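Take a look at the structure set out below.
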Amino acid sequence: GATAVLQGGNPPLSLAANNLPYVPYASSYRASSHTTTAMLKEDGVLKTGCAHDPDNMKKWIERTLETYQDSREHGVFTYSLGDENAVRSSCFDPHCMPAYQAYLKKIYGTIEALNTEWESNYTSFDAIELLEDDPLPRDDAPEWFKQYYAQLRTLNLTDSQGGGEEQARMGDINDEIRALQNENFARWYDRQAFQCYTYVEWCKKFQAAFRTIDPKSLTGFEGTDSFSIRRLTTRSRQGGDLDAFVRELEYFGPYRGPGNEVVRSIAPKNYPMGNWIGYSMDKEVLLEHYWEQVTNCMNMIQWWRWDNFSGYNGFLMPTFSPIKGVQDFIDDTQVVRDGLGDLLMASEMQDDQIAMLYSMPSTYIAHFDGNRSYGDYTRDHKLWYKALHDSGVQFRYVTDRMLRLGEFDTKRFKVLILPLSFAMSPQEAQVIRTFVENGGTVIADVRPATYDGHCKPQETGLLDDLFGIKRNGKLHALPFDRMRIQGTIGEEDVFMEWGDLYGKPVWPKMMVDPNVETTTGTALSQAYPIHYWSGLKHPVAIVNEVGKGRAVLLNFSVNNAPFQGLLKSILASADVRPQITIQTPEGESIKGLEITRWKNEDIDLISLFGKYEGNVVVTLPENKYIYDLNQRLNYGQANKFRTTVRPNRAAFFALLPEASPEFEIETVGQTISVGQTSEISIRIPSSAGKHAMRITATAPNGRIVPWFNRLILADSTPTVVKFPLAFNDQLGIWNVNVTDLYTNITFSEPVWSIR
């Protein structure tokens, strides 16, 4: 099917008549996607009105419902609350500060707990105010803050939605910039977290309202860069509470990026999610963005726009025929619409018992207090999962909130990776500690848990003893020249070599944390500058055995590090190895080709996707009956097969324990009159899982009738498909055609005689 995305108003009746559900843009919450300061008026109140003002929201919602009251009659897929919304907001409306105070009370419980965190002396939550007295910047402000504030002020004053000095002044107060100047990171972060909370609460009000006119409605939004906030937030659509978007709302469309990995990991079954594509005239780019989503379990791929003719790649001409290049794209992706998409949505994506932590507070503190010198949150997460994919394994994200709520199943995973996990609550740290003590392996790069869950710096990292280290102060990352890691972890040999070991200078250099010393941990190497006699050596690849498990602290930034082999050995020490291997015909390993696996009862689906081009040999853990879904080929039974992969295109295969059984079809009412309904029943005896079946009907004139197209998932239980026959211009003998996606076997026989 197709989804039409329309801006405002109700759709024409022809949409419903042609089975086109649509996504009305029911509302919007932004200031032209610019800074959070630009969302304010000069008096500090949001231009849209405060999300915590009940009268403002009542009028807003009433206007929206009046506009979309009749929408459900046309087949709404989801109600969109807008594209590129501001996912963080707060203001000086009289209703906003009480909402902030109530939020803080919910988070902390007692004013004493807040005072301890903020180093303040409030007598009650009602007494809390925003900081507005100190000059910005103070003469004695940290140098890093003076530089940061100069850039921030320039940004706010030059924003195209800006209103001048007074608006910028209100923005500084609203965002608790003075708390940041004081390096009171907890107070500053709590304000940012409240802004994220405010946006989600705004969405939930509309979500509840749409239920009153459409009880089965789904409400959400799309178009946001939500994996990590930027240091200078040039767009208000950046950041936000990614976990809450999925947890509290009913559909979400992030922009392309690592946010997809988080969303597909934590979203419930059949949660609508996906990215916009169409921003390129290059077919290869479009194919890459499409298949990247399919292999990441996205199920709502959106195209911007159908009517573009330059700059972007439009989808349809005014004649409704595909724009040049689109037809090739349609042909290459046809297998998804032939049933693969339905199969993937009905299956469970598999991982190799590897979890990776996504930490919202870490995305904020990553920009301050020296943490920028150690890495970039988004970039380094991408490096981690590229290394995992190159090792032939898959992972899924868990979030900081999941750890706090006890939703991380420590028995389900063998490995937990902590990329740039600077901030961590005591509850989260305890979950990780228990995970290791019970036999898990935790891997971190630099500075894990050196701040608490509100970004307050800790004198002793919450996990320092777990990693077997102690810290001597807090210094920025130190560049170094050389390192050779060699030794064993468990029963696995590990090795990584980097730097100026053979008289060849390397640039850019890698970064090490110079503040770390080992206690109970064992360092497998020392990082040091070329003039090693200076004594400046720092431990790296620190291994600490704890209980039944172990903790591994790399103590260096993974940027520029050839750490994929080291990671693969650490995973093997935790008994995590790839289940499927891919090599060249000559037996060489391949990088840049991701393997993804899904489970559909006893049927396995696998995809190969990446930039690699050429012939590959795929080795399975056991014999399977192998079906190539793209090429519609049957490879027979084997534990190894050879195929050809192309860049930017995903190759899909079905692995069955037995040869696919033939399907059975029964018909009801072979001779019928116009206006009656006929049925066919499809079943697959002894099926090992779901089969995707494409059903079409051929009219007496020999043409496929498009309105009879059906796509079903069939198994050993009979599936009944009903066909209303009310077309008096097509009297005579009708054929039904049924094709199994796995085998490409088609049944085609006369079924109905319409009189």
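What do you reckon, is ASP452 open to solvent by 10 Å² or more (accessible area, probe 1.4 Å), in contact with a Leu (Cβ under 8 Å, 6 or more places away or on another chain) and over 22 Å from VAL576 (Cα atoms)?
Here the answer is yes, as ASP452 does meet what is asked.
Name the residue that is nearest to ASN701 (Cα to Cα), counting only residues in the range 731-755 that are at pLDDT 70 or above and outside any strand (DSSP E or B).
LEU731
Based on this model, can you work out whether TYR122 counts as surrounded by 13 or more Cβ atoms within 10 Å (Cβ to Cβ) and in a helix (DSSP H, G or I)?
Spelling it out, it is not the case that TYR122 is surrounded by 13 or more Cβ atoms within 10 Å (Cβ to Cβ) and in a helix (DSSP H, G or I).
Those residues that are over 16 Å from ASN639 (Cβ atoms) and either in contact with a helix residue (DSSP H, G or I) (Cβ under 6 Å, 6 or more places away or on another chain) or surrounded by fewer than 16 Cβ atoms within 10 Å (Cβ to Cβ) (or both), I need them from the range 602-627; list them, please.
ASP602, PHE609, LYS611, GLU613, GLY614, ASN615
Out of the residues in the range 442-476 that are small (Gly, Ala, Ser) and modelled with pLDDT of 95 or more, which is nearest to TYR364 (Cα to Cα)?
Among residues in the range 442-476 that are small (Gly, Ala, Ser) and modelled with pLDDT of 95 or more, the one nearest to TYR364 (Cα to Cα) is GLY453.
Pick from GLU517, GLU459, GLU497, GLU492: which is under 30 Å from ALA113 (Cα atoms) and surrounded by fewer than 16 Cβ atoms within 10 Å (Cβ to Cβ)?
Every option except GLU459 fails the conditions.
Output the number of the condition that GLY675 fails; it satisfies all remaining conditions of (1) modelled with pLDDT of 95 or more; (2) at positive phi.
With (1) modelled with pLDDT of 95 or more; (2) at positive phi applied to GLY675, the lone miss is (1).
Quick check on my filter: what residues within the range 305-361 are buried (at least 17 other Cβ atoms within 10 Å of the Cβ) and assigned to a strand (DSSP E or B)?
Within the range 305-361, MET349, ILE354, ALA355, MET356, LEU357, TYR358 meet the criteria.
Out of THR696, THR671, I need the residue that is hydroxyl-bearing (Ser, Thr, Tyr) and under 24 Å from ASP331 (Cβ atoms). Which one?
Testing whether each residue is hydroxyl-bearing (Ser, Thr, Tyr) and under 24 Å from ASP331 (Cβ atoms) leaves just THR696.
Give the residue that is nearest to LEU232 (Cα to Cα), with candidates limited to residues of the range 130-153 that are open to solvent by 80 Å² or more (accessible area, probe 1.4 Å) and assigned to a helix (DSSP H, G or I).
The qualifying residue nearest to LEU232 (Cα to Cα) is GLN151.
Which ones in the range 173-205 are among the acidic types (Asp, Glu) and open to solvent by 10 Å² or more (accessible area, probe 1.4 Å)?
Result: ASP175, GLU183, GLU201.
Can you confirm whether PHE413 is among the aromatic types (Phe, Trp, Tyr), over 19 Å from HIS381 (Cβ atoms) and surrounded by 15 or more Cβ atoms within 10 Å (Cβ to Cβ)?
Answer is no for this residue.
Of everything in the range 377-410, what is surrounded by 18 or more Cβ atoms within 10 Å (Cβ to Cβ) and acidic (Asp, Glu)? Give them in sequence order.
ASP380, ASP390, ASP400, listed by residue number.
Looking at (1) among the hydrophobic types (A, V, I, L, M, F, W, C); (2) under 16 Å from TRP202 (Cα atoms); (3) over 9 Å from the mean Cα position of the chain (by Cα), which is the only condition LEU287 fails?
Result: LEU287 fails condition (2) only.
Listed here are the residues, each with its yes/no results for (1) under 22 Å from PHE92 (Cα atoms); (2) over 32 Å from the mean Cα position of the chain (by Cα).
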site	(1), (2)
GLU119	no, yes
LEU130	yes, yes
LEU155	yes, no
ARG169	yes, yes
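Applying the selection to the range 156-171, what residues are closer than 30 Å to TYR451 by Cα and in contact (Cβ under 8 Å) with a residue 40 or more places away in the chain?
Correct list: ASN156, ALA168, MET170, GLY171.
With the requirement that a residue be in a helix (DSSP H, G or I), crowded, with 19+ Cβ neighbours inside 10 Å and within 29 Å of the chain's Cα centre (by Cα), what does the range 85-107 give you?
TYR100, TYR103, LEU104
Contact list please: Cβ distance under 8 Å, first residue in the range 659-685 and closer than 21 Å to GLY732 by Cβ and of a type in the set (A, V, I, L, M), second residue at pLDDT 75 or above and surrounded by fewer than 13 Cβ atoms within 10 Å (Cβ to Cβ), pairs at least six apart or on different chains.
Within 8 Å, the pairs are VAL668/GLU679; ILE680/GLU666; ILE680/VAL720.
Among the residues of the range 430-446, are any of a type outside the set (Phe, Trp, Tyr), surrounded by fewer than 24 Cβ atoms within 10 Å (Cβ to Cβ) and more than 24 Å from LYS568 (Cα to Cα)?
yes
As an exercise: evaluate THR110 against (1) surrounded by 15 or more Cβ atoms within 10 Å (Cβ to Cβ); (2) at pLDDT 95 or above and give the number of the one condition it does not meet.
That leaves (1) as the condition not met.
Just a yes or no: is a residue in the range 591-601 at pLDDT below 95 and either assigned to a loop (DSSP other than H, G, I, E, B) or surrounded by fewer than 20 Cβ atoms within 10 Å (Cβ to Cβ) (or both)?
yes
Give the residue that is farthest from ASN275 (Cα to Cα), with candidates limited to residues of the range 48-106 that are among the acidic types (Asp, Glu) and without any contact (Cβ under 8 Å) to a residue 24 or more places away in the chain.
So, considering only residues that are among the acidic types (Asp, Glu) and without any contact (Cβ under 8 Å) to a residue 24 or more places away in the chain, the one farthest from ASN275 (Cα to Cα) is ASP55.
Quick check on THR319: is it closer than 30 Å to PHE185 by Cα and at pLDDT below 95?
No, not satisfied.
Condition first: open to solvent by 10 Å² or more (accessible area, probe 1.4 Å) and β-branched (Val, Ile, Thr). Now tell me which residues in the range 692-704 satisfy that.
Scanning the range 692-704 gives THR696, THR698, ILE704.
If the requirement is being more than 24 Å from GLY274 (Cα to Cα) and of a type in the set (Val, Ile, Thr), which of these qualifies: ILE229, ILE177?
Selected residue: ILE177, the only one of ILE229, ILE177 that is more than 24 Å from GLY274 (Cα to Cα) and of a type in the set (Val, Ile, Thr).
Assuming TYR397 fulfils every condition listed in (1) touching a helix residue (DSSP H, G or I) at 6+ places or on another chain (Cβ under 9 Å); (2) closer than 17 Å to ILE365 by Cβ apart from one, which condition is it?
Here TYR397 meets the rest and fails (2).
If you check every pair at least six apart or on different chains, which have Cβ atoms under 6 Å apart with a residue in the range 490-514 that is farther than 25 Å from ASN544 by Cα first and a residue that is among the charged types (D, E, K, R) and surrounded by 13 or more Cβ atoms within 10 Å (Cβ to Cβ) second?
Note: pairs meeting the criteria are GLY499/ASP481; GLY499/ARG482; ASP500/ASP481; ASP500/ARG482; LEU501/ARG482; VAL506/ASP500.
Can you name the residue in the range 225-236 that is crowded, with 22+ Cβ neighbours inside 10 Å and among the hydroxyl-bearing types (Ser, Thr, Tyr) and is also farthest from ARG88 (Cα to Cα) among such residues?
So the residue we want is SER228.
The values are calculated or read from the model by the stated rules, or taken from the named source; none is laboratory data. Computed from a predicted model, the values in this text were never measured in an experiment. Glycine also receives a Cβ, built like all others from the backbone with ideal geometry; neighbour counts cover every protein chain displayed. Ligands, DNA and RNA are stripped out before the accessible areas are found, and what is left, the full protein with its side chains, is counted by its heavy atoms. Shrake-Rupley method; radii C 1.70, N 1.55, O 1.52, S 1.80 Å.
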